[in-house]
Structures are given as structure tokens and as C-alpha cells.
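Taking it in order: structure first as C-alpha cells, then the write-up.
Every number here is computed from the coordinates shown, using simple stated rules; none is lab data. Owing to the predicted nature of the structure, the values given are computational and were not obtained by experimental measurement. In this analysis, Cβ positions are derived from the backbone assuming ideal geometry, glycine residues included, and neighbour counts consider all displayed protein chains.
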Amino acid sequence: MDDVRERLRDTYENAIYEVWFEDGPRRFRVGDAPSDTCEEAFAMITGYNPGGERSPDTINEASNAMLEIELQGRGFRYALANGHDAAWTHDEPSFAVFGISREQAAAIARRFRQAAIFWWDGRGGSLLWL
């Protein structure tokens, strides 16, 4: 996983993490505290591109659907989200999961073979490498 981490580090650290709240989207970045902060902690998890490798759309969509079913089954509250590269040329549909611990989020993300998740602690964003 260290090779995957090195390959993805810049992309993940410079990504724009967008969460769709009832009042509209808010954007988050690693290390930044946006002016319209969300005071509630959340983890941003996707089923897209497991293992840090690009997968066909059909596989990504099925994996993300399975992730959503798991979140629903476990009773987590979540919002639709997207991770974008800094140039907005790559987009990964995701879920911002509220009321989840870092450990729970990491366990779910590992099952979906993710390299990292975006973690918002209510004041700032960081990456949790898996």
C-alpha cells in the first residue's frame, strides 16, 4: 500500500471534497477550514476505484451502491459527496458519513479497498491513510 500512497498522495492532498448539504454544496480541502464550516465530524468514503486503480464505470457504480446499502443497513446518516482532483478532470461519487468514528470509517473503507478517506473533525480536514 506504500506505493499506492506515494502515487496518490499529491492527488488526495490537493483534492476538493464536496458535500451536498440541504442548503447546497460545501467544499472542503485537506488542512483548510472553510468559512461556512460544518461543525459536525464526518468521514468521506467511496466505493470507486478500489486499490487505487481506475475501474470501469459499471464496477465503480456497483461498488458505491453496495457501500450505500451498508451505510443504510448500519443506520448511518450520510449525504451525497464527490471528490474532485484540483483540475476538476476526475470525479469520484462518495458519501459524507456523519456519526461515525474514525475506526468505523476506516474499517468500512478497508472493506471497499480504499487507500484513504477524507476526515473532517468539525474544524479542519485531513486524510486517514489505510
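Side notes on the structure shown:
- Annotation for region 104-128 versus region 1-80: alpha-carbon center distance of 8 Å.
- Per-residue ellipticity at 222 nm from helix content only, as computed over the chain with -39500 (n - 2.57) for each DSSP H run of at least four residues, stands at -9500 deg cm²/dmol.
- Equivalent ellipsoid semi-axes - Cα gyration tensor, the chain, angstrom: 20, 18, 14
- Cα-centre dipole for region 25-118 with unit charges at Cβ (Lys and Arg positive, Asp and Glu negative), debye to 20: 260
- In nm, spacing of pseudo-spin labels at ARG54 and SER126 (7 Å Cα→C-beta vector): 3.2
- Top positive-direction residue, dipole computed over the chain with Cβ charges, set THR58, GLY124, ALA109: ALA109
- Gyration tensor (alpha-carbon) shape descriptor, region 55-130, a/c threshold 1.5: oblate
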